[in-house]
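Here is the structure we will look at.
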Amino acid sequence: MGLRERLRRMGVANALVNAGGDLRVLGRHGERPWRIGIRAPRGGGILAALDAVDGEAVFTSGDYERYFTWQGRRYHHILDPRTGRPARGLVSVTVVHDDGSEADAYATALFVAGPRGWAALAARLGLRQVLVVDERGRLQATPDMARRLRIVARPAPPLEVVELPAAGARTRGEGE
Amino acid sequence: MRLRPTPADLLAFAAAAALLAALHLHAWGGGGPVVTARVETPAGTRLLPLDRAGTYRVPGALGESVLEVRDGAVRFVDSPCRAKVCVRSGWARTSGDLVACLPNGVVVTLTGPDGEYDAINF
């Protein structure tokens, strides 16, 4: 039984579940939606904000929570299985999805896919809402993500909207 | 000699008064709502206002966690856990932010009167 169903059976219709920064929301915060801030991967503060609606999970994989620095280079916990080394190119990937476990795994997979591979993989996985930050602080987002995202960091980093390539078998709505 | 204020004088006075009011609001008012840290422990919950600097010793499941409050932010300075993930998390200062020492059962959540965020994703 999933989290949502479990809470429903306990009579909880509105909730925000925070698993150490990974979030899932049910219902609303009173008369308004749940307000989520996405932490900036460098320098602290908030990068962007979005209103999460019923059932949505917001998961981020980044290189900035678990890492050490050695000889000026950052060694973080997301390893590229092709090299056995920390994946390079992106510093964070945020996924909004309706399944928390999938969102968690997919965010990590997109991180490993890197700046040139994430969009194709997102399309294959049926993800519609993705935000990535690269090593130079530039943002890329899918159209569905860009539409709802409010960039709050100042100065505002550049945001490029990336159309997802046409997906094969997996299309919109799958997994719902 | 009698001095009568000219329209230009009045304008200058008005501008000065307006500037003073604006500066006052800028410096003293609307500096954002005071954020409070809600500290949950196995022994209960307490609130720490973040507008007063201080060091707090909080009993947990393993021992004492030490929290530092400074400049509107809070962090774990020490905790009797092995990995020190809590200490390495650094400062929490935004409403909705959260730092925790799970081994010690101490969870610190930041809340405002109407916090800008309900939770921070990272």
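The values are calculated or read from the model by the stated rules, or taken from the named source; none is laboratory data. Predicted, not measured: the structure shown is a model, and the values here were computed from it. Glycine gets a Cβ as well: all are built from the backbone with ideal geometry, and neighbour counts include every protein chain shown.
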Pairs, please: C-beta under 7 Å, at least 6 apart or cross-chain, first residue more than 16 Å from residue B:118 (Cβ to Cβ) and assigned to a loop (DSSP other than H, G, I, E, B) and in the range B:85-100, second modelled with pLDDT of 90 or more and charged (D, E, K, R)?
B:90/B:75; B:91/B:75
Within the range A:1-29, considering residues that are within 11 Å of chain B (Cβ to nearest Cβ) and at pLDDT below 90, the one nearest to the chain's Cα centre (by Cα):
A:21
Strands (runs of 3 or more DSSP E) lying entirely in the range A:49-146 (those with 1 or more residues that are under 24 Å from residue A:20 (Cβ atoms) and at pLDDT below 95)
A:57-62, A:67-70, A:73-76
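Restricting to the range B:54-76, count the residues that are assigned to a strand (DSSP E or B) and free of Cβ contacts under 8 Å to residues at least 24 places away in the same chain.
10
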Would you check if there is a residue in the range B:65-73 being under 30 Å from residue A:33 (Cβ atoms) and more than 11 Å from chain A (Cβ to nearest Cβ)?
yes
Counted residues in the range B:35-77 being under 20 Å from the mean Cα position of the chain (by Cα), among the acidic types (Asp, Glu) and surrounded by 14 or more Cβ atoms within 10 Å (Cβ to Cβ) come to 2
Which members of the range A:30-48 meet the condition of being outside any loop (DSSP other than H, G, I, E, B) and buried (at least 17 other Cβ atoms within 10 Å of the Cβ)?
A:34, A:35, A:36, A:37, A:38, A:39, A:46, A:47, A:48
For the range A:28-55, enumerate the residues that are free of Cβ contacts under 8 Å to residues at least 40 places away in the same chain and over 21 Å from residue A:147 (Cα atoms).
A:29, A:30, A:31, A:43, A:44
If a residue has to be within 13 Å of the chain's Cα centre (by Cα) and in a loop (DSSP other than H, G, I, E, B) to count, how many in the range B:101-121 make the cut?
4
Taking residue A:36, is it facing another protein chain (nearest Cβ under 10 Å) and modelled with pLDDT of 95 or more?
yes
Quick check: is even one residue across the range B:84-104 in contact with a Cys (Cβ under 6 Å, 6 or more places away or on another chain), of a type outside the set (D, E, K, R) and farther than 22 Å from residue A:41 by Cα?
yes
